[in-house]
Amino acid sequence: MTQMTSLSGASAGRFTFGTMQWGGRADAAESREMFDACRAAGLVHFDTAHLYCDGRSEELLGDFAKDCRDELMIATKVGYTGGAGRENILRTFDVSRTRLQMDVVDLLYMHRFDDQTPLDETFETLAKLQSDGLIRYIGVSNYAAWQVMKAQAVAASFGTRIDAIQPMYSLVKRQAEVEIFPMAADQDIAVVPYSPLGGGLLTGKYARGETGRLTEDSRYAARYAPDWMHEAAKGLSNIAGREGLEAATLAVAWAARHPIAPAPIISAKSAQQLVPSLAAVGFDLMDDLYDEIAALTPTPAPATDRLEEA
Ligand SMILES: NC(=O)c1ccc[n+]([C@@H]2O[C@H](COP(=O)([O-])OP(=O)(O)OC[C@H]3O[C@@H](n4cnc5c(N)ncnc54)[C@H](OP(=O)(O)O)[C@@H]3O)[C@@H](O)[C@H]2O)c1
């Protein structure tokens, strides 16, 4: 990718694909099929992490990206385990580059906030990777807005900036609307949110008695436990049925349609599962339908809590 002054507005595309299942619940052949389907749909931005599937996700992405590397935006993440210290960042990033078979990674995220490591150490390390030409953009994931702003000031002291953030965001996880999205707009930070289907909840499959991540993974079961979330998923399925669409298409299109123009990370276990999420790429969600879907879940209160001013 060509170097841009900021990633927001760069040609990373309006949708991203996440490879968290590659080499785990999706085998190499299924992963390849999903990669090809994404490329055919025009996606260029692929998201992985040092953590995913013990490295298999990065290895598969590296294999698939070989023939078209220059057309892609490749993002990976470090520091989910081991902290945000210099040694951990450099060691794991080197392993990631080897797995990806890439000298340069376009976007490197800190996977989560580490309150045990001084931000100076983290951002001096990232700034050095950038000035050495090993990464193009810096991102942070799972940071609160105040943590991003604190880190942004530290990044500036090293002559760099946070270009992208990766928060959770979907119809049933709207906290990011309160502080994170307005901050990103103000700071010209690209927003690349994850879990637009609420880990699969918004496909409507759990209301049909089917199984999946929410019945297999206790962390996701807890994250999406509240009844109102399951009611919203049913409501979305009803709207989708009326419109002759898949609920997943509407869920992804809804997450992408926020005025700050997030680039949601879609994902699946198979090319077949991916079809309705990919259909959101060419789907134009009209204002009325956007508002009707938004009304299925509570709009979070503004940061000031002055509801009358919202
Ligand atoms: N930064 C972070 O901390 C973080 C955290 C999570 C994810 N991410 C990134 O964001 C990406 C997307 O996250 P996500 O996987 O949570 O996204 P998601 O779109 O909310 O959930 C995807 C899951 O939903 C289910 N699904 C998808 N399409 C379906 C269909 N048509 N029918 C039935 N089930 C379907 C599948 O799981 P089952 O079939 O197993 O139910 C699939 O793996 C990841 O790949 C990763 O790159 C980042």
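The values are calculated or read from the model by the stated rules, or taken from the named source; none is laboratory data. Note that the structure is a prediction, hence the values are computed from the model and not measured. Note: ideal-geometry Cβ built from the backbone for every residue, glycine included; neighbour counts use all protein chains shown.
Figures for the structure shown
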quantity: Filter result for the condition that a residue is surrounded by 21 or more Cβ atoms within 10 Å (Cβ to Cβ), within 18 Å of the chain's Cα centre (by Cα), within 16 Å of the ligand (Cβ to nearest atom) and over 25 Å from Cys68 (Cβ atoms), over Val105, Val140; calculated: Val140
quantity: Among the candidates Ala176, Ala153, residue that is part of a helix (DSSP H, G or I) and closer than 29 Å to Ala222 by Cα; calculated: Ala176
quantity: Criterion: in a helix (DSSP H, G or I), in contact (Cβ under 8 Å) with a residue 12 or more places away in the chain and in contact with an Asp or Glu (Cβ under 8 Å, 6 or more places away or on another chain) - qualifying residue of Arg39, Arg99, Arg56, Arg32; calculated: Arg99
quantity: Some residue of the range 75-84 being within 15 Å of the ligand (Cβ to nearest atom), surrounded by 20 or more Cβ atoms within 10 Å (Cβ to Cβ), basic (Lys, Arg) and closer than 18 Å to Ile265 by Cβ; calculated: yes
quantity: All positions within the range 211-242 that are surrounded by 14 or more Cβ atoms within 10 Å (Cβ to Cβ), assigned to a helix (DSSP H, G or I) and of a type in the set (Ser, Thr, Tyr); calculated: Tyr220, Ser237
quantity: Flag for Leu245 being of a type in the set (A, V, I, L, M), within 16 Å of the ligand (Cβ to nearest atom), surrounded by 12 or more Cβ atoms within 10 Å (Cβ to Cβ) and under 19 Å from the mean Cα position of the chain (by Cα); calculated: no
quantity: Count - residues of the range 185-210 that are part of a loop (DSSP other than H, G, I, E, B), closer than 16 Å to Thr297 by Cα and among the aliphatic types (A, V, I, L, M); calculated: 1
quantity: Hits in the range 189-201 - residues which are surrounded by 24 or more Cβ atoms within 10 Å (Cβ to Cβ) and either more than 16 Å from the chain's Cα centre (by Cα) or within 7 Å of the ligand (Cβ to nearest atom) (or both); calculated: Ser195, Pro196, Leu197, Gly198, Gly200, Leu201
quantity: Condition check for Thr122: touching a residue at least 24 places away in the same chain (Cβ under 8 Å), among the hydroxyl-bearing types (Ser, Thr, Tyr), on the phi < 0 side of the Ramachandran plot and crowded, with 21+ Cβ neighbours inside 10 Å; calculated: yes
quantity: Residue in the range 281-294 that is part of a loop (DSSP other than H, G, I, E, B), of a type in the set (Ser, Thr, Tyr), touching a helix residue (DSSP H, G or I) at 6+ places or on another chain (Cβ under 7 Å) and at pLDDT 95 or above present; calculated: no
quantity: From Ala190, Ala184, Ala156, residue being small (Gly, Ala, Ser) and free of Cβ contacts under 8 Å to residues at least 40 places away in the same chain; calculated: Ala156
quantity: Selection count where residues are within 7 Å of the ligand (Cβ to nearest atom) and more than 20 Å from Val44 (Cα to Cα), scope the range 248-274; calculated: 1
quantity: Options Tyr80, Tyr109: the member that is among the hydroxyl-bearing types (Ser, Thr, Tyr) and in a loop (DSSP other than H, G, I, E, B); calculated: Tyr80
quantity: Residue within the range 164-171 that is over 20 Å from Ile239 (Cα atoms), surrounded by fewer than 22 Cβ atoms within 10 Å (Cβ to Cβ) and within 10 Å of the ligand (Cβ to nearest atom) present; calculated: yes
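Residues checked against (1) small (Gly, Ala, Ser); (2) surrounded by fewer than 19 Cβ atoms within 10 Å (Cβ to Cβ); (3) within 18 Å of the chain's Cα centre (by Cα):
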position: Leu250; (1), (2), (3): no, no, yes
position: Ala253; (1), (2), (3): yes, no, yes
position: Ala261; (1), (2), (3): yes, yes, yes
position: Ile265; (1), (2), (3): no, no, yes
position: Ser270; (1), (2), (3): yes, yes, no
position: Ser277; (1), (2), (3): yes, no, yes
position: Val281; (1), (2), (3): no, yes, yes
position: Met286; (1), (2), (3): no, yes, no
